[in-house]
Structure formats: structure tokens, C-alpha cells
Amino acid sequence: MVQRTAGRTALLVAASAAVVGVLAVGTIAGTPSAPRPGDAPMSANPTPRSQAALFSCPSQHPVFTRHAPPIMDIQEERAKAHAVEQASGTGWSVAFAQPTRLGVFAFVDGDLEAARPVLTGLGATHVYRRDMGPEFGDGHDEDALVDQAMQWALEKPMQDVRRALRRLPKDGELAYWDAAGAIFVQWKSPLPPQVAALAELHRPDGVLVVVEETPYSPREIVAAQNRVFTRRHEKEVGARFVMAGACGDNSGVLLGVEPDSLRNRRSELQEKLARIAGMPVHVVPQAPIRGF
């Protein structure tokens with residue numbers, strides 16, 4: 001199931017749905033930029049360290065923080081969009097057209113079927129009615145319409161990616177990267193050949209498949225969260241845990257701790273909890289959740 005909300009979990013697609021047949025140009029970005037377990041080896045008697053040396057990681061998935069690649073031939077694409085916007089025909093007119101990473105998206109009022117062949121002939125790659133339905137607002141928020149249309153354009157590529165990876169172990173996860181016109185694949189290193197191959201292929205629709213290696217799989221991180229997030233370990237380290245999640249780049253566990261119990265003990269807690277989790281733990285202050 002794919003959910004689209006503001007949180008990291010919402011954009012991710014469980015790797016059990018696995019992933020694409022004929023795909024796009026992508027990049028194997030290599031290991032994420034956050035520190036790796038080997039960057040700060042733990043010892044039985046750790047010496048004091050500066051906060052800068054502590055393990056840290058992003059709380060958000062990369063698709064929320066990474067800049068999308070630029071639109072190629074942007075001047076040419078703008079010229080196409082302008083030509084499309086000037087077009088009209090019996091029973092239809094163009095509301096607006098916009099260049100995107102997947103070509104020019106055009107939105108029309110009136111007869112969509114009559115408009116589509118004319119506008120694709122002028123360079124539009126995707127043509128939609130501006131009135132998408134009441135669930136999409138009044139049709140005047142152009143950015144919202146383009147975002148929705150981009151999601152629709154990425155649904156078939158996502159299905160292809162799942163299909164290509166369906167026989168692999170559940171060592172990765174997928175996300176829609178709407179702004180880039182891409183499917184984003186995070187997968188545990190070393191990459192299986194089927195995953196690495198996704199970044200080498202070209203799709204005729206221009207959709208990218210961006211592949212990034214991670215040090216841990218989603219299931220390993222969930223297991224580590226379960227090892228850490230218990231009352232027993234709260235007592236052991238003398239802290240109150242509020243939430244446990246995954247680092248945005250799957251480099252470790254993200255653990256929310258009540259500020260009053262965290263105080264200035266982040267280094268101490270991260271050392272102890274990393275041993276319990278079996279992987280790096282990034283501790284952040286987190287206010288208690290009401291009702292718990």
C-alpha cells in the first residue's frame with residue numbers, strides 16, 4: 001500500500017510489494033551521508049566525545065529534503081507549454097500547461113478526448129481535465145493539480161519496479177519522488193544485481209529510478225526498535241522513551257526521549273542503546289504523548 005502524507009512512513013512502500021521491468025536512468029548514490037556504524041566505534045569504556053562526534057541521522061526520508069534534478073532543456077519545454085496554452089478547439093480550451101521532469105502537463109476545460117490528440121501533437125506529454133473532481137478542490141490550485149497528475153504518471157512505473165523486485169528478500173523500500181518524476185529505492189548494501197540494474201535502464205516515459213544503498217534493511221531496523229523500546233531498558237538507562245522510528249536514510253534507529261530524562265546525557269544514552277539495538281541509535285528530545 002502506498003500512502004501519501006507529510007510523514008516519512010507515508011511515502012514509503014514496503015519492499016514486500018517489491019519493485020520494475022523496463023526502467024529509467026537513475027543513480028546509485030552510494031551509502032548515505034549520515035555517519036556509519038564504523039565512524040564512531042563503541043568501546044566498553046567510552047571516552048568523552050563532543051556532540052559533533054555523536055551518531056546523528058536525518059529524521060525524514062530523502063525525498064522530503066533532497067533537491068529534484070533540474071528539468072532538461074527547460075527553455076524548449078517552456079516553449080512547448082506556451083504553444084499548448086494557446087491551443088483550443090470545439091468544446092474545449094486549455095486552462096494552463098506546465099513543464100515538469102516528465103514533460104509538459106496540460107490541463108483542459110471541456111472535452112478531454114477531443115483535446116488530447118491536438119495537445120500531444122503540440123508537445124504535451126500528459127493531458128488532464130482541470131476539473132479532476134471535488135476531492136481535488138476547485139481546479140484553480142495549479143501546483144496541486146500538477147502534483148496529483150505527477151502521482152498518477154508515476155503509478156505505472158511503481159508497479160513495474162515492484163514487479164522487477166518481487167522475488168527478492170524484504171531488504172528495501174520504495175517511495176514516490178513526485179518532484180523529480182522518479183521512483184526512489186532504498187536497499188540494503190550490497191545491492192542485489194536486480195536492484196542495481198534499475199538505475200541503469202531507460203524508460204521511454206522519462207521516469208527515473210534512483211537507487212540508494214543503506215546499511216540496514218527495514219526489517220532489521222524494526223527488530224532493533226523492538227529491542228530498545230521496552231520498559232526494561234527504560235529502567236536500565238534511566239530514561240523515558242516516547243517514540244521509536246527509523247532514520248530517514250535507514251542508517252539506524254531514531255529514539256525520542258523525554259527532555260527531562262534526557263538532559264545532557266545524549267552521548268551516554270546513545271552508547272548504551274546502540275549496544276542494545278545492535279546498530280547506531282540517534283536520541284532526540286521528544287515531548288510526552290498525551291494519554292500515555
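So who's got an amide H within less than 5 Å of the one on Thr100, skipping anything under 5 residues away but keeping other chains? H placed 1.01 Å off N, in plane.
Here the answer is Phe105, since their amide H atoms fall under 5 Å of that of Thr100.
Classify region 191-292 from the C-alpha gyration tensor, please: rounded if a/c falls under 1.5, else prolate or oblate depending on whether a/b exceeds b/c.
prolate
For the ranges 189-200, 149-160, what's the packing order if you count other beta-carbon atoms within 10 Å of each residue, average per peptide, and put the highest first?
Highest-to-lowest ranking by the protection proxy: 149-160, 189-200.
For Arg227 and Glu76, what does the FRET efficiency come to when R0 = 51 Å and r is the distance between their Cβ atoms, rounded to the nearest 0.05?
Using R0 = 51 Å, I get an efficiency of 0.40.
What does the net charge come to around Asp260 if you take all other residues with beta carbon closer than 15 Å to its beta carbon, with K and R at +1 and D and E at -1?
Counting the neighbours of Asp260, the net charge comes to +2.
Excluding residues fewer than 8 places away in the same chain, name every one of the lysines whose C-alpha is closer than 18 Å to that of Lys235.
Lys272
Below 8 Å between Cα atoms, with a sequence gap of 6+, how large is the relative contact order for region 144-259 in percent?
Here the relative contact order equals 20 percent.
Calculate, for Thr65 and Asp143, the FRET efficiency according to 1/(1 + (r/R0)^6) with r their C-beta to C-beta distance and R0 25 Å; round to the nearest 0.05.
That gives a FRET efficiency of 0.85.
For Lys156, which lysines qualify as cross-link partners when the Cα separation must be under 28 Å and same-chain residues fewer than eight apart are set aside?
Qualifying lysines at Cα under 28 Å: Lys80, Lys170, Lys188.
All of the numbers you see were taken from the coordinates with simple rules; none came from a lab. Keep in mind it's a predicted model, so treat the numbers as computed, not measured. Cβ coordinates were reconstructed from backbone atoms using ideal geometry, including for glycine residues, and neighbour counts include every protein chain displayed.
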